[in-house]
1. Mind putting a number on the dipole of the stretch 126-217 about its Cα centre? Charges go on the C-beta only, +1 for Lys and Arg and -1 for Asp and Glu, and I need it in Debye to the nearest 20.
2. With +1 on the Cβ of every Lys and Arg and -1 on the Cβ of every Asp and Glu, and nothing else charged, how large is the dipole of the stretch 179-257 about its Cα centre, in debye rounded to the nearest 20?
3. Compactness ratio of the stretch 126-217: Cα Rg over 2.2 N^0.38 Å, N = residue count?
4. Students often get this wrong, so try it: which of (i) 150; (ii) 121; (iii) 182 is volume of the Cα convex hull per residue in Å³ as calculated from the structure shown?
5. Run the helix sum for the chain: -39,500 (n - 2.57) per DSSP H stretch of 4+ residues, divided by residue count, reported at 222 nm to the nearest 500 deg cm²/dmol.
6. Over the chain, with a Gaussian network built from C-alpha contacts below 10 Å, which listed residue (Gly228, Gly57, Gly237) shows the highest mean-square fluctuation?
7. Using the Cα centre of the chain as origin and beta-carbon charges of +1 (Lys, Arg) and -1 (Asp, Glu), tell me which of Phe51, Asn104, Ala230 is placed farthest towards the positive end of the dipole.
8. Between the alpha-carbon centers of the stretch 47-114 and the stretch 158-194, tell me the distance in whole angstrom.
Amino acid sequence: MKLRFIPVALLSVVALALTGCSAPSTTDESLSSVLDSGTLTIGTEGTYRPFSFHEGGSGALTGYDVAVARAVAAELGVDAVFEETQWDGIFAGLTAGRWDTIANQVSMTPERVEAYEFSTPYTYSPGVIVVLADNTSITSFASLDGLTTAQSLSSNWDTLATESGANVKHIEGWAQSVALVEQGRVDATINDKLTFLDYQKTNDADNLKIAAETKERSESAFAFAKDGTALADAVSGALATLSKDGTLAKLSDKYFGADVSQ
């Protein structure tokens, strides 16, 4: 029975019967609780270079995501407090209220957008084909047809390489795949552009280049519990300010040598 068909008189009786009983609050206190406490608690891995890691393995927590989170907290007028955890438990901690948000290159997949609130993105990255610098035959994903690429098994890039007609050599990760390209044992590897930019920034990679990029880009943002709309909106506002004043571009250049924030 739908509520609108209940007689007004009966509604009055029900209201009287419920006097003294309090209904669950639906007020979004996600932002006010952060402002009242003076801290923005952030879940992050602390082992995910160059986004969230300890310099030298035991130094202070640093990284692109850490720096962006600290800048956002400063815009909100609160302190950034980081709680380190493994990736497998990071969303459970968010749901349980152990932290207010996650800053750990969380991609905005359809499944996650359905389950959580998100800020506007602060990282954009396409997939790229990485080849030797003197390679002139690979200029597009179609060029990979019949050639050999090195990819992690069951990754998105493995699927893309296969769909492009490549013969895929399965390896454990980026370090092994890029080594095979440098050694000339495979023609190319496909990966996230951020991964290549970080490698290029921290290694002598003049012998490598990007041959092509995907049209689609992954978008990473701060994640919040589903009832955290007010805080998500406030963080989006802070990110807009940091984008406008050039802070995000500067942080991007520091860690990647390119602006990945737009």
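Where a number appears in this text, it was derived from the coordinates with a stated rule and is not lab data. Here the structure is a predicted model, which is why all the values come from computation and not from measurement. Note that we place each Cβ from the backbone using ideal geometry, even for glycine, and neighbour counts take in every protein chain shown.
1. I would put it at about 80 debye.
2. Its charge dipole is roughly 100 debye.
3. In units of the 2.2 N^0.38 Å rule of thumb, it is 0.94.
4. Step by step, volume of the Cα convex hull per residue in Å³ for this structure corresponds to label (iii).
5. For the chain, the value works out to -10500 deg cm²/dmol.
6. Of Gly228, Gly57, Gly237, the most mobile in the Gaussian network model is Gly57.
7. Going by the Cα projections, it comes out as Ala230.
8. Going from one Cα centre to the other spans 29 Å.
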